[in-house]
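Contents: one structure, followed by commentary.
The values are calculated or read from the model by the stated rules, or taken from the named source; none is laboratory data. Bear in mind that the values here come from a model prediction, so they are computed numbers and not experimental data. As a convention, Cβ positions derive from the backbone with ideal geometry for all residues, glycine included, and neighbour counts pool all protein chains shown. Heads up: the accessible areas ignore ligands, DNA and RNA and are worked out on the full protein's heavy atoms, side chains in. Shrake-Rupley method; radii C 1.70, N 1.55, O 1.52, S 1.80 Å.
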Amino acid sequence: MPIHYTYKDRVSVEELFGLLDKMVVFRGDRFPARNVFHVALRNREKERVSLENTISVTARGEEGNLVGYLRILTDYVYMFYILDVMVDPSSRGSGIGVNLIETAVKECKAEGFIKIFLTAIPGSEDFYRRFGFRESMSPVLTIRGEDYV
């Protein structure tokens, strides 16, 4: 099945939730998708606003169905942060994740950048190293919304 990749694609809230629902079914042993994608904190209205304010990189099948997605937060000048990397579990192993990351990194570089950040699930670092990512000089600290629900 041919896949079409688009940088700055329009994604509907329903498309994204459809893919997210598939991701939640796919569970890793140590890092369930429900936790990785902060499912408890997402809702359609917030997702609509988020989609308007981020860059969406998509992989779509022949019928235009969303089979892969990643989000880029950016100031559109120097900083790009890749997150929410998702591939439909039924399409895993077909190179969709590789092409999503390659597309995102190529376009971020073309925009000119100081840093491209990415949060990786522990154990997936080798996958991202193939594209030039490496551990940063300083630790990344977070406050997780789930800790305040």
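Some points to look at:
- Cut-off 14 Å (backbone N to label point 7 Å along Cα→Cβ of residue 94), residues of segment 1-15: 1-5
- Span-like helix ranges in the chain, DSSP H, alpha carbon extent 15 angstrom or more, Kyte mean at least 0.5: 13-25
- Solvent accessible area, Å² - residue 78, 1.4 Å probe, full protein context: 120 Å²
- Rounded, prolate or oblate (a/c below 1.5 giving rounded, otherwise prolate when a/b exceeds b/c) for segment 34-78 by Cα gyration tensor: oblate
- Residue-averaged 222 nm ellipticity for the chain, from DSSP H runs of 4+ at -39500 (n - 2.57), nearest 500: -9000 deg cm²/dmol
- When only Cα pairs below 8 angstrom with a gap of at least 6 residues are kept, the chain shows a relative contact order of 24 percent.
- Qualifying GluC sites (Glu not before Pro) for segment 37-128 [loop in DSSP, other Cβ within 10 Å: at most 15]: 62, 63
- From phi via Karplus (6.51, -1.76, 1.60), per-residue ³J(HN,Hα) for segment 113-121 in Hz, x at Gly/Pro: 8, 9, 9, 10, 9, 7, 9, 10, 5
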